[in-house]
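Reading through the structure tokens given below for one structure.
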Amino acid sequence: MSHTDVSGGMYDKIFQTWEVVMAKKIALFNHKGGVSKTTTAFNLGWALAANGRRVVLVDADPQCNLTGLILGYTVSNKQISNN
Ligand SMILES: Nc1ncnc2c1ncn2[C@@H]1O[C@H](COP(=O)(O)OP(=O)(O)OP(=O)(O)O)[C@@H](O)[C@H]1O
Ligand SMILES: [Mg+2]
């Protein structure tokens, strides 16, 4: 089935401009725990940045594991409290 482009290509131009201007968002999603979502986000973000892309990694997980990875937290430098 074909359709006639009554916009004269205007919508194509808008979407091409949109793709250049807007940031691309990548979501790594899986219901299962411990399957490398955080590790993959970290390495993918790092690799994209190393290849010249501007990258924002957003850690919305209360576990803060991605933040910990980026800041270099280890068990030895974590403050552990029983309170
Ligand atoms: N490619 C890999 N090879 C070996 N170990 C890995 C690999 N990817 C992740 N791991 C290890 O598996 C464990 C779980 O990884 P990760 O924390 O990234 O999973 P997750 O899906 O984010 O977990 P959660 O559901 O708790 O957020 C970590 O100890 C991580 O170091
Ligand atoms: Mg995680």
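Could you check how many residues of segment 51-69 are of a type outside the set (A, V, I, L, M, F, W, C), part of a loop (DSSP other than H, G, I, E, B) and within 12 Å of ligand 1 (Cβ to nearest atom)? Explain how you work it out, then say what you get.
Filtering segment 51-69 down to residues of a type outside the set (A, V, I, L, M, F, W, C) leaves 51-54, 59, 61-63, 65, 67-68.
Okay, now just the ones that are also part of a loop (DSSP other than H, G, I, E, B), so 51-54, 59, 61-63.
From what is left, the residues that are within 12 Å of ligand 1 (Cβ to nearest atom) are 59, 61-63.
Qualifying residue count, segment 51-69: 4.
Just to verify a result, which residue in segment 1-43, among those that are closer than 17 Å to Gly72 by Cα and of a type in the set (A, V, I, L, M, F, W, C), is farthest from ligand 2 (Cβ to nearest atom)?
Within segment 1-43, the first condition is being closer than 17 Å to Gly72 by Cα, and the residues that meet it are 38-43.
With of a type in the set (A, V, I, L, M, F, W, C) added as a condition, the list becomes 41-42.
Details: Ala41: 8, Phe42: 10 Å.
Result: Phe42.
Within segment 39-75, which residues are exposed (fewer than 12 other Cβ atoms within 10 Å of the Cβ), among the polar types (S, T, N, Q) and closer than 17 Å to Lys25 by Cβ?
Listed by number, the list is empty, since nothing qualifies.
For the list (1) in a loop (DSSP other than H, G, I, E, B); (2) surrounded by 10 or more Cβ atoms within 10 Å (Cβ to Cβ); (3) free of Cβ contacts under 8 Å to residues at least 12 places away in the same chain, I need the number of the one condition that Lys32 fails.
Against the list (1) in a loop (DSSP other than H, G, I, E, B); (2) surrounded by 10 or more Cβ atoms within 10 Å (Cβ to Cβ); (3) free of Cβ contacts under 8 Å to residues at least 12 places away in the same chain, Lys32 comes up short only on (2).
Among the residues that make up segment 40-50, is at least one of them in contact (Cβ under 8 Å) with a residue 24 or more places away in the chain and not in a loop (DSSP other than H, G, I, E, B)? Explain how you work it out, then say what you get.
Taking segment 40-50 and keeping what is in contact (Cβ under 8 Å) with a residue 24 or more places away in the chain, we get 41-42.
From what is left, the residues that are not in a loop (DSSP other than H, G, I, E, B) are 41-42.
The answer is yes; a qualifying residue exists.
Bear in mind these aren't lab numbers, they're just calculated from the coordinates by the rules spelled out. Since the structure is predicted, the reported quantities are computational estimates derived from the model, not experimental observations. In this analysis, Cβ positions are derived from the backbone assuming ideal geometry, glycine residues included, and neighbour counts consider all displayed protein chains.
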